[in-house]
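**Student:** Please find one structure pasted underneath; my questions will follow.
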Amino acid sequence: MMIMAFGIPGDAVTAVMMGALTIHGIQPGPLFISQQPKIAYGIYAAYMIALPLMVAVIWIGSRAWMRIIMMPKSMLIPIVLVLCVIGAYALGNSMKDVYVLALFCVIGYAMVKARIPLAPLILGVVLGDQIEANLIQAVSTDANPWLFITRPISGAMLAASVLSIALAVWQHRRETKRAAAAAEEEDTDF
């Protein structure tokens, strides 16, 4: 629901939903409910209808879903890939879209192999245009380069971002040290 209230997707799924809304000219954010009440309440109604329907579908089709889940990857991956290529081609009836899909498949595969999370890339692609437009708008209102630090809300958000990054780096270093200590301890036991 953060996407409806603030226009900020909480994960990759809502980032894709936000991209779909943006493609259709619907701007999620603080004014979404007042500017698009029919769509907003339609989404809420769809959530309320979808929950019991999904419970029923999962309950009725649980055996079929288990067969799909247990399907070998050698069969499942080609099916998904073909559907992705068809979807990419159908966007603009152009092979350029398929080539872009292939490029991002290679990038995604490299990121998975390098253990780099994919969600930040998806969020960056979806939110990049909006962030750039809002940055240009903010800078055009005031030429002060300290604008984002001196304002209380943006300063607090920047401080929270820096603290979040620092905490992630600290936790990663701590886990690395623990793993190294555990490996060293195992070596000394032998």
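Rule-based calculations on the coordinates, nothing more; no lab input. From a predicted model like this one, the values you see are computed outputs, not experimental measurements. FYI the Cβ positions are ideal-geometry reconstructions off the backbone, even for glycines, and counts take in every protein chain you see.
**Student:** With a cut-off of 8 Å between alpha carbons and a minimum separation of six or more residues, what is the relative contact order of segment 1-53 in percent?
**Tutor:** Details: 38 pairs, mean separation 17.3, N = 53.
Value for segment 1-53: 33 percent.
**Student:** Separate question: Kindly rank 83-94, 142-153 from highest to lowest mean number of other beta carbons found within 10 Å of each residue. Before the final figure, lay out the partial values.
**Tutor:** Working: 83-94: 12.3, 142-153: 10.7.
Peptide ranking by packing, descending: 83-94, 142-153.
**Student:** State, to one decimal in nm², a quarter of the convex hull surface area for the C-alpha atoms of segment 1-70, i.e. the direction-averaged projected area. Don't skip to the answer; put the middle values down first.
**Tutor:** Working: hull surface 23.2 nm².
If you wrap the Cα atoms of segment 1-70 in a convex hull and average its projections, you get 5.8 nm².
**Student:** Separate question: Just to be sure I follow: if Rg is taken over the C-alpha atoms of the chain and Rh is the Kirkwood radius over the same atoms, what is Rg/Rh? It would help to have the intermediate numbers written out before the result.
**Tutor:** Numbers: Rg = 22.6 Å, Rh = 21.6 Å.
Reported Rg/Rh, Kirkwood definition of Rh: 1.05.
**Student:** Quick one: Karplus J couplings for segment 139-156, per residue in order, coefficients 6.51, -1.76, 1.60, θ = phi - 60°, nearest Hz, x for Gly and Pro?
**Tutor:** 5, 6, 7, 8, 7, 5, x, 8, 3, 7, 8, 7, 7, x, 5, 5, x, 5
**Student:** Right, next: Contour minus end-to-end for Y47 and I79, with contour as 0.36 nm per residue of separation and end-to-end as the Cα-Cα distance? Numbers along the way, then the final one.
**Tutor:** Numbers: separation 32, 0.36 × 32 = 11.52 nm, distance 2.89 nm.
Additional length available on full extension: 8.6 nm.
**Student:** Now for a separate question. From the helices alone, meaning DSSP H stretches of at least four residues, give me the mean residue ellipticity at 222 nm for the chain, per-run term -39500 (n - 2.57), in deg cm²/dmol to the nearest 500. Provide the component values of the computation, followed by the final result.
**Tutor:** On the way: 10 runs with 157 residues, N = 190.
About -27500 deg cm²/dmol.
**Student:** Using the number of other C-beta atoms within 10 angstrom as an exposure proxy, rank M17, M157 with the fewest first.
**Tutor:** Numbers: M17 16, M157 12.
Final ranking by Cβ density, sparse to dense: M157, M17.
**Student:** Can you run phi through the Karplus equation (6.51, -1.76, 1.60; θ = phi - 60°) for segment 179-187 and list ³J(HN,Hα) in whole Hz, with x for Gly and Pro?
**Tutor:** Working through the residues one at a time gives 5, 5, 5, 5, 5, 5, 5, 5, 5 Hz.
**Student:** Among the lysines, which fall within straight-line cross-link reach of K113, defined as a Cα-Cα distance under 29 Å, with same-chain neighbours fewer than 8 residues apart omitted?
**Tutor:** K73, K96, K177
**Student:** Quick one: 3J(HN,Hα) in Hz for segment 10-21, Karplus 6.51/-1.76/1.60 with θ = phi - 60°, rounded, Gly and Pro as x.
**Tutor:** Once θ is set to phi - 60°, the couplings for segment 10-21 become x, 8, 5, 5, 6, 5, 5, 4, 5, x, 5, 4 Hz.
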